[in-house]
Amino acid sequence: MTLKDKLLAQRIYLLLGGLFITSLVVSNLIFQKFFYWYPFDIEVFGSKLFEISVGILPYPITFLITDLISEIYGKKRANDVVVVGIFASLFSLLIIYTAANVPATSWSYINDSLFRKVFGNSAVAVFASMLTYLFAQFVDIQIYHFWKRLTKGKHLWLRNNFSTWFSQFVDTFTIVFLLCSFGIIDWANFKGLLVSGFLFKVFVAVLDTPLLYLGVYLFKRRFNLKTNEEIKLL
């Protein structure tokens, strides 16, 4: 690979990392709004199916990106992005804490009370998210590379979906459990949110499989990668 190609691969890696971090941080900030996605009028454990937090919308993007980075750049680079995502979440928490403790002016469009109502639980959300996200992402990367080794780089759909499904269940269960434990969500909604959140993530994981195939195809075509070959960054 030429130096020009390596520099391009480095820039793409940074872009993917930026999208990953943005998706993660934003999901922690918007999680308190819930919506009902209604392709099916079904109730599960007393809750509407797909009655879920808007914070779940950008979250599957993080797993798609780590799978793509795992496939093209390798396990270490995927783990590096996960660690940076944790740091970004902590830093965002520090900014929110500082902003919440700076007194608003009398003419401020958003007063202190409203700001704390919207962002007041962000500390709990980031804490819960970090615990679950760190574990789920590392589980996702480990399982992804287990299937990659087992299939010798073939059957991309298998490792993409199996790794994502398992890690998403771990993530969904743990974060809903912690949010209920902290009193942010009522325990009566636990089972319904668990099932809805997990099924929604499985649905999205199936939909993003063609995107992963497309991304891997474009990378292999541009950088002339062979099956199971990874890009070594500078």
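The values are calculated or read from the model by the stated rules, or taken from the named source; none is laboratory data. Since the structure is predicted, the reported quantities are computational estimates derived from the model, not experimental observations. Glycine also receives a Cβ, built like all others from the backbone with ideal geometry; neighbour counts cover every protein chain displayed. In case anyone asks, the SASA skips ligands and DNA or RNA and just uses the protein heavy atoms, side chains included. Shrake-Rupley method; radii C 1.70, N 1.55, O 1.52, S 1.80 Å.
Dipole magnitude for the chain: computed about the Cα centre from +1 point charges on Lys and Arg Cβ and -1 point charges on Asp and Glu Cβ, it is near 1040 debye. Candidates 78, 176, 2 compared by Cα position along the dipole of the chain: farthest toward the positive end lies 2, with charges placed on Cβ. Taking every protein chain into account, the accessible area of the chain amounts to 54 square angstrom per residue (probe 1.4 Å). Shown for the chain: the carbon plus sulfur share of the solvent-accessible area, taken with all protein chains present and a 1.4 angstrom probe, equals 70%.
All other residues with a Cβ under 15 Å from the Cβ of residue 164 taken together, and with Lys, Arg as +1 and Asp, Glu as -1, what is their net charge? Every neighbour counted, the sum reads -2.
For the chain, the longest principal axis of the C-alpha atoms and the axis of helix 59-72 are separated by about 20°. When 181, 23 are compared by accessible area of protein heavy atoms, the largest-first order is 181, 23, using a 1.4 Å probe.
Candidate cross-link partners of residue 4 among the lysines, defined by an alpha-carbon separation under 17 Å and a same-chain spacing of 8 or more, comprise 220, 232.
Considering the options 65, 225, 30, tell which one lies farthest towards the positive end of the dipole of the chain, charges being +1 on Lys and Arg and -1 on Asp and Glu at the Cβ, about the Cα centre. Positive-end residue among those listed: 225.
Which chymotrypsin sites (Phe, Trp or Tyr not before Pro) from region 133-190 combine a DSSP loop assignment with at most 15 other Cβ atoms within 10 Å? The qualifying sites are 182. Helix 156-181 and the longest principal axis of the Cα set of the chain meet at an angle near 20°. Defining a contact as two alpha carbons under 8 Å apart and six or more residues distant in sequence, what relative contact order in percent does the chain show? Here the relative contact order equals 27 percent.
For the Cα atoms of the chain, what angle does the longest principal axis make with the long axis of helix 75-101, in degrees from 0 to 90, nearest 10? So the inclination is approximately 20 degrees. Legend: residue pairs 154/191; 76/191; 76/117; 33/75; 75/117; 117/191, Cα-Cα distance threshold 32 Å; pairs beyond threshold, 154/191; 76/191; 76/117; 33/75; 75/117.
From helices alone, the chain scores -25000 deg cm²/dmol at 222 nm; the rule is -39500 (n - 2.57) for each run of n ≥ 4 DSSP H residues, then divide by the residue total.
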